[in-house]
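Colleague: First, the structure itself, so that you have it in front of you.
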Amino acid sequence: MNEPVEILLVEDSPNDVELTLRAFTRQHLATRIQVARDGQEALDFIFGQGAYIGRDLSQQPKLILLDLKLPKVDGLDVLRAIKCNPLTQMIPVVVLTSSCVEHDIEESYQRGANSYLIKPVSYDQFMIQVNTLGSYWLQFNQNVVATPADELHLAK
């Protein structure tokens, strides 16, 4: 892959993957989306391990959409690993989950989540939510990105 991934979608539900990809495609918000179907695959992609050995780690996603209830490695553990590593800690992570449990919300923010969204049940509401979050995080938000020389600069 020559161009950097815009979004890493970490989601184990095939239906939710399809809905999210459809929403981003319909709104023309992101064309380069990498899907990780469990927590270990997400960590492998982010840190260039396993099947992703040799991936250019200077080309990190602009946004990570993270479900919490994942096989192999839990979403909260994935979040901790991302936010504890200087290479990845500045990547915005939006928890996009069906859990409305107060403990999950608190723990997500304590581990560095940039936002916590509960997936709507309604198809139309889900499409609106994904459109809104994609517009904000990919078009309006200013990200701080580490360059290979570890210098920080603003990037659109």
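The values are calculated or read from the model by the stated rules, or taken from the named source; none is laboratory data. The structure presented is a predicted model; accordingly, all values stated were derived computationally and were not measured. All Cβ positions, even for glycine, are placed from backbone atoms using ideal geometry, and neighbour counts span all protein chains on display.
Yes or no, residue by residue, for (1) over 22 Å from Val130 (Cβ atoms); (2) of a type outside the set (Asp, Glu); (3) without any contact (Cβ under 8 Å) to a residue 24 or more places away in the chain:
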| position | (1), (2), (3) |
| --- | --- |
| Leu8 | no, yes, no |
| Asp12 | no, no, no |
| Thr25 | no, yes, yes |
| Ile46 | no, yes, no |
| Leu57 | yes, yes, no |
| Ile64 | no, yes, no |
| Asp74 | yes, no, no |
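Colleague: Given the residues Thr20, Thr25, which is the only one that is under 22 Å from Asn141 (Cα atoms) and buried (at least 20 other Cβ atoms within 10 Å of the Cβ)?
Modeller: Exactly one residue qualifies, and that residue is Thr20.
Colleague: A further question follows. Criterion first (more than 24 Å from Asn141 (Cα to Cα), out of contact with any strand residue (DSSP E or B) (no Cβ under 6 Å at 6 or more places or on another chain), of a type outside the set (A, V, I, L, M, F, W, C) and buried (at least 17 other Cβ atoms within 10 Å of the Cβ)) does Asp38 satisfy it?
Modeller: Taking the combined requirement at face value, the residue satisfies it.
Colleague: Let me ask you something else. If you take the residues of segment 1-24 that are part of a helix (DSSP H, G or I) and in contact with a strand residue (DSSP E or B) (Cβ under 9 Å, 6 or more places away or on another chain), which of them is modelled with the highest pLDDT?
Modeller: Val17
Colleague: Given the condition modelled with pLDDT under 95 and acidic (Asp, Glu), answer yes or no: does some residue in segment 39-50 qualify?
Modeller: There is no residue in segment 39-50 that is modelled with pLDDT under 95 and acidic (Asp, Glu).
Colleague: Being modelled with pLDDT of 95 or more and at negative phi: is that true of Ile33 here?
Modeller: no
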